[in-house]
Amino acid sequence: MIHPPKQDESHQPPQGNPRRFKFKPKRFRAAAETAVPGSHAVQYVEPLAPDRVAGFAVEAGGSMTGLAVDPYTGAILHSFPWRAGWYDFANRIHGTLLLGTFGDRLIEIAASLALLLVATGLYLHWPRNGAGWRDTLLPRLSARGRSFWKSLHGALGFWISLILVLFLLSGLSWSGIWGERIVQAWNTFPAEKWGAPLSDATHAEMNHEGAHEVPWGLEQTPLPMSGSLAGSRAIPGAVSLDSVAKFARGLGFVGRFQITLPAGEAGVWTIGHDSMSNDGPNPAADRTIHIDRYTGNVLADVRYSDYSPYAKAMAWGIAFHEGDMGIWNLLLNTLVCLSVIGMSLSGLVMWWKRRPVGQARLAAPPKPRDLPLWKGAAALVLVLGALFPMGGLAILVVLVADATLLRLLPKVKRALS
């Protein structure tokens, strides 16, 4: 999940002559639709460079097919089920555990509690009572047994805490409660600025097969509608895939960008280049343009500078989260993932060394006689539980179960204690 594959990097290169390269996506469209009988084109992907393929997504009978097209000859080089590869399978596990809305809620609970673990871990590991920063930043290699594993766990957690929080917040911003109903709802681009008729459909309907393909700050924004005189003049004459692509290049869209074809009589042409679709390494280059399918007028032109501050942070956060900002980003993300695995293993080792030998139970540690830090830890739980409601709800459920159900089930309580 660190570095998603790009469609134009995963297939054999085109065979034509770059000096004779002529962008004629309308011809590509005909070849793509012919390759899948009964299909109609949904999306066109411009080649990243002259030595890369063009891409098409076509739909037939409710299923999507992706096609890699040689931009010189129009030959179909490869076809594949859209959003059905191993990466996409892993992405669905990453987002919903393959359990739909219920899985999304479980992921949100886990991420919310992970933020609580980071906050309380930093609180407990922070140097105090004369302890120096050396023991905070570095594991005590001279320590033995459980003390060594505890120092390793704390040092790893301290170093990756900031990046881990960025990962968790960027992931939570896609979740169904904290993301969709709280932060995304308050950071959605106001479509009223466009002055164009608006559809009942939102940008989220441009996503396919459960994947997020449009900018985060636009997902809940209504799409404009074709069929009025609104907008500024852009494309004279017939509005076609060729003329829309030519217009995009004239505006400065270079390399990989995507054109989504109109859906229905009131649908619009959409030109997009954004980090959400992995079109480029620079989130500040995000741009989405909607064009009336009849008049050729530009109905909306949304750039990175138009995003809210949080939507801008999400544009960068998604690119960083997925390792799209360069080899350094990929290596750093890999190091963080390995550190999380190391922390998990060190936690398991600490439990193993503390557990009562020969007893089949979790063996929670006994309550200490002195708890000098409990007030601060309790404050963190209350604050984060309120900020991230699914995490707070999970904590309440556990507390209620511990106070009621476990008292009625002594064997279960014993196994968990």
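What the table below lists for this structure:
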{"quantity": "Among 26-37, 131-142, the order from most to least packed when residues are scored by Cβ within 10 Å on average", "calculated": "26-37, 131-142"}
{"quantity": "Rel. contact order, % - alpha carbon contacts under 8 angstrom, at least six apart, the chain", "calculated": "16"}
{"quantity": "Nitroxide proxy distance, nm - points 7 Å out along Cα→Cβ at LEU162 and ALA386", "calculated": "2.8"}
{"quantity": "Across LYS193/LYS312; LYS150/LYS411; LYS375/LYS411; LYS24/LYS193; LYS150/LYS312; LYS193/LYS246, pairs whose alpha-carbon gap is larger than 28 Å", "calculated": "LYS150/LYS411; LYS375/LYS411; LYS24/LYS193; LYS150/LYS312"}
{"quantity": "Rg/Rg_ref, the stretch 188-307, where Rg_ref = 2.2 N^0.38 Å and atoms are Cα", "calculated": "0.97"}
{"quantity": "Residues listed by number, the stretch 117-155, amide nitrogen under 19 Å from ASP370 label point at 7 Å toward C-beta", "calculated": "124-132"}
{"quantity": "Order of GLU322, GLU108, GLU209 - criterion: other Cβ atoms within 10 Å of each residue's Cβ, fewest first", "calculated": "GLU209, GLU322, GLU108"}
{"quantity": "Fully extended contour minus Cα-Cα distance, from ALA84 to LEU97, at 0.36 nm per residue", "calculated": "3.1 nm"}
{"quantity": "Where Rh is the Kirkwood radius over Cα pairs, Rg/Rh for the stretch 306-417", "calculated": "1.10"}
{"quantity": "Percent of C-alpha pairs per 20 Å bin, the chain, short to long", "calculated": "22, 47, 24, 7, 0"}
{"quantity": "Calculated from backbone phi, Karplus (6.51, -1.76, 1.60) coupling profile of the stretch 174-190 in Hz, x at Gly/Pro", "calculated": "8, 5, x, 9, 4, x, 5, 9, 10, 6, 5, 4, 8, 10, 7, 5, x"}
{"quantity": "Euclidean distance between Cα centres, the stretch 62-97 to the stretch 205-228, Å", "calculated": "20"}
{"quantity": "Cα-based shape type of the stretch 36-89, given that a ≥ b ≥ c are square roots of the gyration tensor eigenvalues and the cut on a/c is 1.5", "calculated": "oblate"}
{"quantity": "Ordering of 168-178, 366-376, 211-221 by burial proxy (mean other Cβ atoms within 10 Å per residue, highest first)", "calculated": "211-221, 168-178, 366-376"}
{"quantity": "VAL397-TRP133 FRET efficiency (beta carbon distance; Förster radius 41 Å; 0.05 resolution)", "calculated": "0.60"}
{"quantity": "Simple label model, 7 Å out from Cα along Cβ direction - ALA211 to LYS413, nm", "calculated": "5.1"}
{"quantity": "Value of D in µm² per second that Stokes-Einstein yields for the stretch 25-183, Kirkwood Rh from Cα pairs, at 20 °C (1.002 mPa s)", "calculated": "107"}
{"quantity": "Ranked list, fewest to most other Cβ atoms within 10 Å of each Cβ, for LYS413, LYS193", "calculated": "LYS193, LYS413"}
{"quantity": "Selection from SER305, PRO37, ALA110 lying farthest towards where the dipole of the chain points positive, charges on Cβ", "calculated": "ALA110"}
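Laboratory data are not the source of any read-out in this text; all were calculated from the coordinates shown. In this text, all values refer to a predicted model and were calculated from it rather than measured experimentally. Because the Cβ atoms are built from the backbone with ideal geometry, glycine has one as well, and the counts that use them run over all protein chains shown.
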